[in-house]
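Student: Pasting a structure here, questions to come.
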Amino acid sequence: MSEPKPPFRKLLWSLIHPYWKSEERWMARFLLVVIVSMTLGEVYLSVLFNEWRNGFYNSLQALDKAAFTHSITRFSYLAAAAILVGVYKLYLNQMLQIKWRRWMTQHYLENWLSKQNYYRMQLFGSHMDNPDQRISEDINEFINSSLGLSLGSLNSVVTLFSFLAILWGLSGPLDFTVSGVAIHIPGYMVWFAFAYALVGTWVTFRIGRPLVKLNFEKQRFEANFRFSLVRLRENTESIAFYKGEGQEQQGFIARVNAIVENWWQIMRRQKKLNFLNYGYSQIAIIFPFVVAAPRYFAKEIQLGGLMQTASAFGEVQGALSYLVDAYTNIASWRAVTDRLTGFNDSIRQAENAGVPASGFERHFMPQKTMEATKLTVRLPDRKNIAGKY
């Protein structure tokens with residue numbers, strides 16, 4: 001009976017924490033702190049840009065040339081700061097990625113090659129496919145996705161709390177009557193943003209959940225096809241001798257057909273998800289103006305207040321809708337995580353099922369003859385070979 005699979009968070013932690021406790025941990029932590037600080041700086045700049053919109057559009061409405069010029073000058077400073085932070089955040093993020101990838105690749109290669117695990121895994125870890133792809137591609141994708149999704153989540157959380165207070169103050173109350181009952185909703189645009197994001201997130205999860213399994217299979221089918229091509233190149237002589245070209249071609253076509261079928265399934269599922277994402281994004285452009293328009297036409301706010309309110313609504317709604325926008329990346333990241341944890345499990349199984357300590361001891365001797373007494377020959381699965389030696 002197989003052991004129950006550990007929870008995903010435990011598997012994820014087993015992939016992440018070794019690097020952050022390694023000999024490179026101090027440099028890695030320093031880079032991460034700087035990147036996180038820049039992420040927070042981007043959110044702060046977004047708050048300043050939101051405030052800037054109020055003055056800029058009010059100057060246009062009032063035909064105030066001096067205020068307009070002042071707004072343009074201030075925008076130049078803010079834009080320069082945003083460019084500087086954006087460029088160096090990406091640069092340092094890439095630096096951390098390549099350092100993490102180098103360490104993690106060396107770590108996996110060491111585990112794969114030590115104790116002849118690369119050989120034992122073929123005997124005892126038959127469920128694990130394409131270790132070469134998991135080391136060369138999956139590690140890189142896992143690191144890129146982990147950093148991107150974690151920083152994106154941080155940005156969304158900080159943006160949400162930063163703009164909630166702004167939107168609450170800008171939106172004001174909503175008063176209306178239903179069947180003679182007066183209803184008063186303070187900060188009504190905040191509740192509209194929550195409702196809009198909640199509906200979008202729920203529908204996205206319903207539509208996009210199968211993408212996790214489909215992306216896992218996509219990686220496996222692609223790797224199987226690539227490995228079969230490499231195997232042909234390494235065995236050209238024997239294939240040519242036995243005239244096995246036809247059989248090899250049939251195998252290639254079968255693997256390509258598996259890739260194509262999987263790709264069609266991803267396309268169909270992605271099409272449904274894209275309809276939702278594009279529709280959701282387009283409606284989000286006009287939705288805050290529709291909701292805030294009654295206060296503008298009632299002359300409770302000016303044009304600048306309307307634009308600032310719409311901007312703050314967009315920030316809150318975007319932060320709440322992060323899972324909607326990132327769901328495809330999350331599905332791919334989950335599939336890669338499963339592949340790497342499966343690789344680790346196969347290595348452990350190979351080590352546990354290895355040759356016992358009482359196995360062969362090799363000694364090199366000058367004689368060209370071999371003598372053995374009381375010899376028992378076992379297969380790798382520990383079954384004895386019949387016969388006496």
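Student: The list (i) 25, 52, 19, 4, 0; (ii) 27, 63, 10; (iii) 19, 41, 26, 11, 3, 0 gives values of P(r) over Cα pairs in 20 Å bins from 0, in percent, and only one came from this structure; which label was calculated from it?
Tutor: Of the labelled values, this structure produces (iii).
Student: Also: Treating only the Cβ atoms of Lys and Arg (+1) and Asp and Glu (-1) as charged, compute the dipole magnitude of region 103-194 about its Cα centre; round to the nearest 20 debye.
Tutor: 200
Student: Follow-up question, since we're still on this one. Below 14 angstrom from the Cβ of residue 249, what's the summed charge of the other residues (Lys, Arg +1; Asp, Glu -1)?
Tutor: Charge balance near residue 249 sits at +1.
Student: What order, most packed first, do the peptides 138-150, 328-340 have when packing is the mean number of other Cβ atoms within 10 Å of each residue?
Tutor: Per-residue mean Cβ counts within 10 Å order the peptides as 328-340, 138-150.
Student: Next question, about the same structure. Report, by chain and number, residues whose modeled amide H sits under 5 Å from the one on residue 174, excluding near sequence neighbours (fewer than 5 apart, same chain).
Tutor: 185, 187, 188
Student: With the cut-off at 32 Å, tell me which of the pairs 99/272; 10/99; 99/271; 65/89; 243/271; 271/299 have Cα atoms farther apart than that.
Tutor: As for pairs spanning more than 32 Å Cα to Cα, those are 99/272; 99/271; 65/89; 243/271; 271/299.
Student: Please list the helices of the chain that count as membrane-span-like by this rule: a mean Kyte-Doolittle hydropathy of at least -0.5 together with Cα atoms stretching 24 Å or more along the helix axis, each helix being a complete DSSP H run.
Tutor: 25-61, 65-113, 139-171, 188-208, 211-234, 245-297, 303-320, 322-352
Student: So how far apart, in nm, are the two label points at residue 61 and residue 377 if each is 7 Å from Cα heading toward Cβ?
Tutor: It works out to 9.2 nm between the two label points.
Student: Using a cut-off of 12 Å between beta-carbons, work out the net charge of the residues near residue 74 (Lys and Arg +1, Asp and Glu -1, residue 74 not included).
Tutor: Neighbourhood net charge equals 0.
Student: So for the chain, taking the charge dipole from beta-carbon charges (+1 Lys/Arg, -1 Asp/Glu), which of 284, 219, 62 sits furthest toward the positive end?
Tutor: It is 219.
Student: Within region 169-194, what residues put their amide N at less than 13 Å from the label point 7 Å along the Cα-to-Cβ vector of residue 298?
Tutor: Counting backbone N atoms under 13 Å from the label point, the list is 171-177, 183-189.
Student: From the square roots a ≥ b ≥ c of the eigenvalues of the alpha-carbon gyration tensor of region 140-214, which class results: rounded (a/c under 1.5), prolate (a/b over b/c), or oblate?
Tutor: Since a/c reaches 1.5 but b/c is at least a/b, the shape of region 140-214 is classed as oblate.
Student: Work out the FRET efficiency for residue 149 and residue 352 from their Cβ-Cβ distance, taking R0 = 45 Å, and round it to the nearest 0.05.
Tutor: Once the sixth-power term is evaluated, E becomes 0.85.
Student: Right, something else. Given charges of +1 on the Cβ of Lys and Arg and -1 on the Cβ of Asp and Glu, with all other atoms neutral, how large is the dipole of region 8-351 about its Cα centre, in debye to the nearest 20?
Tutor: 280
Student: For residue 82 and residue 254 in the same chain, what is the full-extension length gain: residue separation times 0.36 nm, less their Cα-Cα distance, in nm?
Tutor: 56.8 nm
Student: Moving on. Putting +1 on Lys and Arg Cβ atoms and -1 on Asp and Glu Cβ atoms, find which of 166, 301, 265 reaches farthest to the positive end of the dipole of the chain.
Tutor: It is 265, whose Cα lies furthest towards the positive end.
Student: I've got another one for you. Once fully extended, how much extra length lies between residue 264 and residue 25, figured as 0.36 nm per residue of separation less the alpha-carbon to alpha-carbon distance?
Tutor: Residue separation times 0.36 nm, minus the Cα-Cα distance, leaves 81.8 nm.
Student: What is region 244-353 by shape, rounded, prolate or oblate, if you read a ≥ b ≥ c off the alpha carbon gyration tensor as root eigenvalues and call it rounded for a/c under 1.5, prolate for a/b larger than b/c, and oblate otherwise?
Tutor: Oblate shape, in that a/c is at least 1.5 and b/c is the bigger or equal ratio.
Student: Identify, among 187, 50, 33, the residue whose Cα sits farthest towards the positive end of the charge dipole of the chain, taking +1 on the Cβ of Lys and Arg and -1 on the Cβ of Asp and Glu, with the dipole about the Cα centre.
Tutor: The Cα lying farthest towards the positive end belongs to 33.
Student: Can you grab the distance from the C-alpha centre of region 63-115 to the C-alpha centre of region 274-321, Å, no decimals?
Tutor: Using only Cα atoms to place each centre, the spacing works out to 28 Å.
Read the figures in this text as sums done on the coordinates, not as results from a lab. Because the structure is a prediction, the values reported are computed rather than measured. Here the Cβ is made from the backbone with ideal geometry for all residues, glycine too, and neighbour counts use every protein chain on show.
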